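Have a look at the structure below, then the notes.
The values are calculated or read from the model by the stated rules, or taken from the named source; none is laboratory data. Everything quoted here is computed from the prediction, not taken from an experiment. Cβ placement follows ideal geometry from the backbone for every residue including glycine, while neighbour counts extend to all protein chains displayed. Side chains included, ligands, DNA and RNA excluded: accessible areas come from the protein's heavy atoms. Shrake-Rupley method; radii C 1.70, N 1.55, O 1.52, S 1.80 Å.
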Amino acid sequence: MRIGIFTQTYLPTTNGVVSSIEIFRKALEKAGHTFYVFAPKVGDYQDENPRVYRFPSITLPKHRDYPVAVPYFPGLTRLVKSLRLDLIHAQHIFTICALGLRLAQRLKIPFVHTEHTLIAEYAHYMPLLHSSVRSYLIWRVRTFCNRSDRVIAPSPAMKQTLEDYGVRIPISVNPTGINVGEYQRIDDRAARTRWQIPEKAKILMYVGRIAEEKNITVILEVFRHLARKREVHLMLVGSGPEEARYKAWVERHNLTQKVTWTGMLPHAEVIKLFGVAHIFLFPSVTDTQGIVLAEALAAGAPVVAANKMGPTAIIEDEKNGFLVPPRAKPFIDRVETLLDNEVLWHTLSAAARVRAQDFSIERTSARLEEIYVDVRNRYRA
């Protein structure tokens, strides 16, 4: 099949959507399919892949990694016709992706949309219009999805949310997969030396965007409590708009020497870091999946996560981690349980590696291929 991916974010930006696109693209191209990516231009970045087409974009001062596409591409209809696409797969609902939907309808190409993000929960970025923006976003998601031929949700919780929004077309659940074999427990001495982490300190880790919607405040409160009486070190892997504010919080509470901020790292380096984490923390209540959870499990790191949305489809409570309310006290209780019970930690770590197999790229890419074929065949019928 020849598939056109329309997306608002793409390389060199690093986030869950970009990871999902690349993981599936590489796996399905090995299976014989061809992908064409339509995305915003990002600075002077040059694509190695010749099948990437870039739209002009505007870069906002505080979000340089997330340029806003200008939906202007002379000759786009002619180009898409020449590519003889069997299917268009959108990853967002605005600008480029909305244009992709119109193209699909005009050229009679089946259209699939993955709703990666609980976008209505990001309305806090416009506080003065929070309520109105949230209502509009829900309406926009519902409308966009109902004009698609199939919607893909990365978790059952996201599928339920979309149905609650009023989405009535078929919704298939398919999480983003990972290359399970790349993740393992590793000797942590090199990491401790590089990041100046004491030899005996247990490493607590978070990987992801440093932003308000990720509930980072819970992690910091948990760590402040634990650091008073335990040898622990916190690694925050990633970057984001609230990084400076959280760093100031850490400094005010005299925790600077016990907290490592890695900033953005190449994915190959992040893969290794999962293997040195003793406990992985994930308090976000807006993630529809959380690829990092499957990655942590594959590396044998028990997870303590918020009992909401994506984590509920990945973490099996008390089997490979813990699901708790998204507040500091429940997180502290479960983290202390793992710190104090080495036998339990090893039990959950072993179970985590087994559970990660359910999210292997082999399984999830085969499922996506089935969805593509089904949508194409139904459309033709």
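Please say if segment 259-363 is rounded, prolate or oblate, where rounded means a/c under 1.5 for a ≥ b ≥ c the square roots of the C-alpha gyration tensor eigenvalues, and otherwise the choice is prolate for a/b larger than b/c and oblate otherwise?
Since a/c stays below 1.5, the shape of segment 259-363 is classed as rounded.
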_Residue range of the chain that is longest and free of chymotrypsin sites (Phe, Trp or Tyr not before Pro) which are both DSSP loop and sparsely packed (at most 13 other C-beta within 10 Å)_ = 73-381
*Please work out whether segment 6-125 counts as rounded, prolate or oblate from its C-alpha gyration tensor, where a ≥ b ≥ c are the square roots of the eigenvalues and a/c under 1.5 means rounded, while otherwise a/b larger than b/c means prolate and anything else oblate?*
rounded
_Quick check: from the Cα gyration tensor, does the chain come out rounded (a/c under 1.5), prolate or oblate?_
prolate
*asked:* If I fit a long axis through the Cα atoms of helix 328-340 and take the longest principal axis of the Cα atoms of the chain, what angle between them do I get, 0 to 90°, rounded to 10?
replied: 60 degrees
*Tally up the carbon and sulfur contribution to the accessible surface of segment 252-381 as a whole percent, 1.4 Å probe, everything protein left in place.*
50 percent
_Taking the Cα centroid of segment 289-319 and of segment 169-224, what is the distance between the two, rounded to the nearest whole Å?_
11 Å
*asked:* Accessible area per residue for the chain in Å², computed with a 1.4 Å probe and the full protein assembly in place, what is it?
replied: 45 Å²
*Rounded to 10°, Cα long-axis angle of helix 216-227 versus longest principal axis of the chain*: 20 degrees
*Would you calculate a helix-derived [θ] at 222 nm for the chain, using -39,500 (n - 2.57) for each DSSP H run of n ≥ 4 and dividing by the full residue count, to the nearest 500?*
-12500 deg cm²/dmol
*Exceeding the 23 Å Cα-Cα cut-off - candidates Lys229/Lys258; Lys159/Lys272; Lys159/Lys214; Lys214/Lys247; Lys308/Lys329*: Lys159/Lys272
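So which GluC sites (Glu not before Pro) in segment 10-89 pass both tests, a DSSP loop state and at most 14 other Cβ atoms within 10 Å of the Cβ? Provide the component values of the computation, followed by the final result.
Values: sites: Glu22, Glu29, Glu48; in loops: Glu48.
Within segment 10-89, the qualifying GluC sites (Glu not before Pro) (loop, at most 14 other Cβ atoms within 10 Å) are Glu48.
Antiparallel as a % of all DSSP beta bridges within the chain, to the nearest 5?
Working: 5 of 48 bridges.
Just about 10 percent of them are antiparallel.
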*Phi-based couplings in Hz for segment 288-296 (Karplus 6.51, -1.76, 1.60; Gly and Pro marked x)*: 7, 9, x, 4, 4, 5, 5, 5, 4
_Tell me the carbon and sulfur percent of the accessible area for segment 43-102, rounded to whole percent, probe radius 1.4 Å._
54 percent
*If only Cα atoms are counted, what is the Rg of segment 94-245, and what is its Dmax, in Å?*
20.9, 64
